[in-house]
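Contents: one structure, followed by commentary.
The values are calculated or read from the model by the stated rules, or taken from the named source; none is laboratory data. Computed from a prediction, not measured in an experiment: that's the story for all the values here. We place every Cβ from the backbone using ideal geometry, glycine too, and count neighbours over all the protein chains shown. Surface areas here come from the heavy atoms of the whole protein model, side chains and all, with no ligands, DNA or RNA. Shrake-Rupley method; radii C 1.70, N 1.55, O 1.52, S 1.80 Å.
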Amino acid sequence: MIKIIVGTNRQPSISEQVANQYQELLLGLGQSSEIISLSDLPDDFVFSALYENNGKNAAFNKVHDQVKAGSKYVFIVPEYNHSFPGILKAFIDGMTYPNSFRHKKCALVGISSGVGGGSIAMSHLTDVFHYLGMHVLAFKPRLAKIEENMSGNLLTNRLYLDLLREQAELLIAF
């Protein structure tokens, strides 16, 4: 089962909308998946679940265990201040080191309101995952000007949808 990680805790989020469409895409390709949203993390997890408090927060442990059980991931990565969200970094820092991500595989999808499509955010996140020993799929769609390419809760840009499908097929074969 592929774990789709919504890389923000913002509510409502376009990242979650894209994650839902990605899940439908995977289902159409015969692949099961599970969406994990960082909005499900306890508000105080950076104080109650990290470092010396590792393993002591049941709500954090539930999300941690869901993620750790995966072998393949899709991270929907919104660009915040020219990088990926701090909540995502804090969550990664709370995962068991080094075995949570070592030798596992992931795909990254960048989202931004601007023209970059989250490319720098994905670059930063790729560096973190390489350090942790995770294999990152080289094909990383950049969904720029995301609000202009949505209608309601759906991504409508045909090119973007084709890129996500191509990435999903590559991830399944990865």
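The calculated 222 nm mean residue ellipticity attributable to helices in the chain amounts to -12000 deg cm²/dmol, summing -39500 (n - 2.57) over DSSP H runs of n ≥ 4 and dividing by all residues.
A convex hull fitted to the Cα coordinates of the stretch 105-174 yields 81 cubic angstrom per residue. Neighbours of Ser113, meaning other residues whose beta-carbon lies under 10 angstrom from its beta-carbon, give a summed charge of -2 when Lys and Arg score +1 and Asp and Glu score -1. Roughly how far apart, in whole Å, are the Cα centres of the stretch 119-174 and the stretch 1-35? Result: 11 Å between the Cα centres.
Derived scalar couplings between HN and Hα for the stretch 93-102 equal 4, x, 6, 4, 9, x, 7, 4, 10, 4 Hz in order, rounded to whole Hz, by the Karplus curve 6.51 cos²θ - 1.76 cosθ + 1.60 (θ = phi - 60°), x for Gly and Pro. Close amide H contacts of Thr8 (hydrogens built in the peptide plane, cut-off under 5 Å, sequence separation of 5 or more or a different chain): Leu38.
The slack in the chain from Leu27 to Asp40, taken as 0.36 nm per residue of separation less the alpha-carbon distance, amounts to 2.4 nm. The Cβ shell under 15 Å around Asn149 holds other residues with a net charge of -1, Lys and Arg each +1, Asp and Glu each -1.
Take the solvent-accessible surface of the protein heavy atoms, probe 1.4 Å, and return the percent of it on the chain that carbon and sulfur atoms account for. Heavy-atom surface of the chain belonging to carbon and sulfur, 1.4 Å probe: 51 percent. For Ser33, the amide hydrogen comes within under 5 Å of the amide hydrogens of Ile2, counting only partners 5 or more places away or on other chains and with H modelled in the peptide plane. Among the listed pairs Lys104/Lys140; Lys56/Lys105; Lys56/Lys140, which are separated by more than 26 Å between their Cα atoms? Distance filter (> 26 Å) returns Lys56/Lys105; Lys56/Lys140. Here Asn153 and Ser48 are evaluated by their C-beta separation; at R0 = 35 Å the FRET efficiency comes out at 0.60.
Where both bridge residues fall in the chain, DSSP classifies roughly 10% of the beta bridges as antiparallel. Counting Lys and Arg as +1 and Asp and Glu as -1 over every other residue whose Cβ lies under 11 Å from the Cβ of Met122, the net charge comes to 0. Straight-line cross-link partners of Lys145 among the aspartates and glutamates, defined as a Cα under 18 Å from its Cα and at least 8 positions apart when in the same chain: Glu16, Glu79, Asp162. Calculated FRET efficiency, Met1 to Leu170, Cβ-Cβ distance, R0 = 25 Å: about 0.90 to the nearest 0.05. Database remark: amide H of Val74 closer than 5 angstrom to the amide H of Lys3, Ile4, Ile5, Ala107 (H placed geometrically; neighbours at sequence offset of 5 or more, or on other chains; Pro and chain starts carry no H). Couplings 3J(HN,Hα) for the stretch 2-9, derived from phi with the Karplus relation 6.51 cos²θ - 1.76 cosθ + 1.60 (θ = phi - 60°), are 8, 9, 9, 9, 7, x, 8, 10 Hz, where x marks Gly and Pro.
Take the Kirkwood radius over Cα pairs of the chain, plug it into Stokes-Einstein at 25 °C and 0.890 mPa s, and you get 153 µm²/s for translational diffusion.
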